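*Asks:* One structure, as structure tokens, below. Some questions next.
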Amino acid sequence: SVEQKRENAAKRDDLFRNKLILSPLTTVGNLPFRRICAEYGADNTVSEMAMIYNLNRTQPSEWSLLRRHNSEGTFGIQVAVAKDWDAEAFAKGIAASGFSYDYIDINCGCPVDMIVSKGCGCGLWEKKNRLRSIVKALVDFQPKPVSIKCRIGDDENDPQLHKHIADYETWGASAVTIHGRSRRQRYTKMANWDYVEQCARLTQLPVIGNGDIMSHIDIQEHKQACPTIDSYMMGRGALIKPWVFQEIKEQRAIDMSSSERFAMLEKFAKYGLTHWGSDDRGVQTTRKFMCEWMSFLHRYVPYGILEHPPQRVNERPPIYNGRDKLETLMASDASEDWIRISEMILGPCGDHFKFIPKHKSNSYAAPVLGAGAPVPTADELIEG
């Protein structure tokens with residue numbers, strides 16, 4: 001009915017328009033980190049990507065990725081799925097479970113070969129009929145809105161999203177997030193915001209722009225050049241500078257001191273011990289995820305030191321001496337120093353704790369403790 005359509009449009013506008021959104025981030029987008037971002041002003045947070053195949057087989061570790069904290073305002077759960085019958089089974093199950101979430105986001109943007117080979121991520125986006133059936137299954141068999149997160153296509157020189165984006169509303173989707181890079185690009189070069197704007201003009205759905213946002217100036221530039229884009233999603237920028245949400249809302253640069261950032265890590269530790277437990281295993285789990293986060297956080301260059309602000313996500317961070325010893329230590333790209341900082345908060349790590357980052361935050365990172373085979377870059381792994 002007309003009235004139902006108006007109600008649905010109002011609901012999706014409330015969820016997806018004029019929002020600052022924390023991107024779904026594998027490993028580093030855990031519940032304690034999302035709490036930090038929510039406190040800094042993230043309007044929407046999204047879970048780490050979960051595989052529906054595993055969820056349907058009730059794997060506890062997979063379901064734990066979807067846990068929500070009550071401080072998270074609007075909360076989406078991101079899923080990777082390849083088959084419509086799996087999507088239907090999951091939708092029926094979660095509808096009956098009383099699980100707390102506000103919308104489901106379908107990952108169609110992960111470029112990692114392991115995910116694509118399973119028909120998920122970019123591999124799903126390339127199968128239009130299959131994607132349509134999955135969207136419809138999730139829409140039909142559970143009550144919450146469904147969004148799609150995708151890239152501009154397989155090849156940045158021949159983007160294809162503009163040919164398909166108008167169909168998403170007819171399938172029942174409520175929003176689409178566009179990461180302005182191709183599958184082939186992964187995270188190289190800059191996101192193509194002009195093309196994201198072109199696609200946004202072709203749909204009535206809320207469009208969330210994603211790629212390279214790290215400051216209020218980035219948002220100002222995009223709002224001026226891309227007026228059709230409704231909301232903005234931040235991934236790596238939020239890992240490096242979680243207070244970016246506050247900066248954007250207050251439209252000013254925040255020169256976060258080393259003591260303030262250390263207090264932020266202490267808060268993360270508190271949240272981690274609450275989430276993973278305060279026994280030895282919980283402490284070491286909290287330490288591991290803190291070190292994973294510091295593999296990004298160390299890239300932050302204090303505003304008072306920057307020669308040419310604002311800092312950009314893809315720029316090589318300069319080597320600098322901080323304004324105090326702690327600031328210099330927090331800028332280190334050596335994992336030994338990340339462990340040292342964790343010991344300042346959580347106590348000695350002991351002889352048995354070994355840390356090899358799951359993600360290297362960029363190609364400039366130093367070799368890590370105990371590293372053997374090359375570690376995939378975070379740009380390939382954390383965000384679809």
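*Asks:* So Asp43 passes all but one of these: (1) open to solvent by 60 Å² or more (accessible area, probe 1.4 Å); (2) touching a Leu at 6+ places or on another chain (Cβ under 6 Å); (3) not basic (Lys, Arg). Which condition number does it fail?
*Replies:* (1) is the only condition that Asp43 fails.
*Asks:* Does at least one position in the stretch 354-370 carry a residue that is open to solvent by 60 Å² or more (accessible area, probe 1.4 Å), farther than 30 Å from Arg184 by Cα and modelled with pLDDT of 85 or more?
*Replies:* The answer is yes, given that some residue of the stretch 354-370 is open to solvent by 60 Å² or more (accessible area, probe 1.4 Å), farther than 30 Å from Arg184 by Cα and modelled with pLDDT of 85 or more.
*Asks:* Residue by residue through the stretch 314-334, note down the ones that are closer than 12 Å to Val301 by Cβ, surrounded by 15 or more Cβ atoms within 10 Å (Cβ to Cβ) and acidic (Asp, Glu).
*Replies:* Once the filter is applied, which keeps residues that are closer than 12 Å to Val301 by Cβ, surrounded by 15 or more Cβ atoms within 10 Å (Cβ to Cβ) and acidic (Asp, Glu), the stretch 314-334 yields only Glu327.
*Asks:* Just to be sure I understand, how many residues within the stretch 307-363 are out of contact with any helix residue (DSSP H, G or I) (no Cβ under 7 Å at 6 or more places or on another chain), within 22 Å of Val244 (Cα to Cα) and part of a helix (DSSP H, G or I)?
*Replies:* Here the count works out to 1.
*Asks:* If the Cβ limit is 6 Å and pairs must be 6+ apart or interchain, which residue in the stretch 201-228 that is within 21 Å of Ser182 (Cα to Cα) and of a type in the set (Asp, Glu) pairs with which residue that is at pLDDT below 95 and open to solvent by less than 10 Å² (accessible area, probe 1.4 Å)?
*Replies:* Asp212/Val313
*Asks:* Now a separate question. Got a sec? Which of Ile104, Ile94 is modelled with pLDDT of 95 or more, in contact with a Ser or Thr (Cβ under 9 Å, 6 or more places away or on another chain), open to solvent by less than 10 Å² (accessible area, probe 1.4 Å) and not small (Gly, Ala, Ser)?
*Replies:* Values: Ile94 fails: in contact with a Ser or Thr (Cβ under 9 Å, 6 or more places away or on another chain).
Answer to the check: Ile104.
*Asks:* While we're here: Does Glu266 satisfy the condition of being modelled with pLDDT of 95 or more, open to solvent by 50 Å² or more (accessible area, probe 1.4 Å) and in contact with a helix residue (DSSP H, G or I) (Cβ under 8 Å, 6 or more places away or on another chain)?
*Replies:* Working: modelled with pLDDT of 95 or more: yes; open to solvent by 50 Å² or more (accessible area, probe 1.4 Å): yes; in contact with a helix residue (DSSP H, G or I) (Cβ under 8 Å, 6 or more places away or on another chain): yes.
Spelling it out, Glu266 is indeed modelled with pLDDT of 95 or more, open to solvent by 50 Å² or more (accessible area, probe 1.4 Å) and in contact with a helix residue (DSSP H, G or I) (Cβ under 8 Å, 6 or more places away or on another chain).
*Asks:* Give me a count of the residues in the stretch 89-114 that are touching a helix residue (DSSP H, G or I) at 6+ places or on another chain (Cβ under 7 Å) and outside any loop (DSSP other than H, G, I, E, B).
*Replies:* Looking only at that region, the number is 8.
The values are calculated or read from the model by the stated rules, or taken from the named source; none is laboratory data. Because the structure is a prediction, the values reported are computed rather than measured. Here Cβ is always computed from backbone atoms with ideal geometry, including for glycine, and neighbour counts include all displayed protein chains. Surface accessibility is based on the protein's heavy atoms, side chains included, excluding ligands, DNA and RNA. Shrake-Rupley method; radii C 1.70, N 1.55, O 1.52, S 1.80 Å.
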